[in-house]
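The values are calculated or read from the model by the stated rules, or taken from the named source; none is laboratory data. In this text the structure is predicted, and so the values were computed from the model without any measurement. Backbone-built Cβ (ideal geometry, glycine too); neighbour counts: all protein chains shown.
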Amino acid sequence: MFNIDFASGNKFRSGLVARIIYGGSNSAPNRSASQALSLSVALWFVAGWHNAAAADPKSSYLTRCSMCHQSNAQGLPGQFPQLAGRSAQIAQTAEGRRYLVRVALWGIYGPIDVNGTPINGLMPGVAGASDAEISDVLNHVISIGKPAKPAKPFKPADVAAVRAEGKVSGTDNAALRKTLVASGVIK
Ligand code: HEC
């Protein structure tokens, strides 16, 4: 099948794969580790990026969300909502949890207010990602910055249930958000 040898310096996605497999360690692989890597990489190609990413919620967040919401999820005032702390707060209620999944799946578009500052942006959803990857990303988002009141983790089945409700538009999600602000679910 595939035979990719890290020791020979094949750089194809090696940084990424090495990070996934070694969990951030920078040490150079020895010969048997290199063989193990060849196998892992072959499996990685078969499994696809989706599953590799789902195995590491943080790298999934960094790939899919951090370019806008920033790596620490603090957002950028007036442009991208802060998620750190706020998401765990939103995830305290069933309606809030459903909203977070809907936004991750289908995006959101329309004027909103975050920490007293208006944002009129567009977020594309990641409906192409698996239920497991989306629940992983949301679990990263609700835990980042160690919120005072932790929220119950998301399960892939939670994502599947919201997905099964059918596609909604970004504008629909902005409208839903208005009702959640009015009822105090989103502050
Ligand atoms: C291209 C930039 C971009 C990316 C990538 C992105 N977002 Fe967003 N996100 C936004 C913007 C902009 C908004 C606000 C949209 C608006 O003004 O209506 C938003 C809103 C949100 C909200 C709603 C916050 C609130 O206060 O109601 C959540 C939750 C969220 N994003 C989570 C995520 C997650 C999780 C990911 C990764 C899977 C992600 N976003 C990827 C730009 C982005």
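Among the criteria (1) modelled with pLDDT of 95 or more; (2) within 9 Å of the ligand (Cβ to nearest atom); (3) not in a loop (DSSP other than H, G, I, E, B), the one GLN82 does not fulfil is (3).
What do you reckon, is GLY85 at positive phi and in contact with a strand residue (DSSP E or B) (Cβ under 9 Å, 6 or more places away or on another chain)? So that I can check it myself, show each step before the final result.
Numbers: at positive phi: yes; in contact with a strand residue (DSSP E or B) (Cβ under 9 Å, 6 or more places away or on another chain): no.
Taking the combined requirement at face value, the residue does not satisfy it.
Considering only residues in region 101-125 that are near the ligand (Cβ under 10 Å from one of its atoms), surrounded by fewer than 18 Cβ atoms within 10 Å (Cβ to Cβ) and in a loop (DSSP other than H, G, I, E, B), the one that is modelled with the highest pLDDT turns out to be PRO124.
Restricting attention to region 87-118, the residues being farther than 19 Å from HIS140 by Cα, among the β-branched types (Val, Ile, Thr) and out of contact with any Pro (no Cβ under 6 Å at 6 or more places or on another chain) number 2. Can you find, within region 158-187, the residue that is farthest from ALA104 (Cα to Cα) among those that are among the small types (Gly, Ala, Ser) and surrounded by 17 or more Cβ atoms within 10 Å (Cβ to Cβ)? Top of the filtered list is ALA174.
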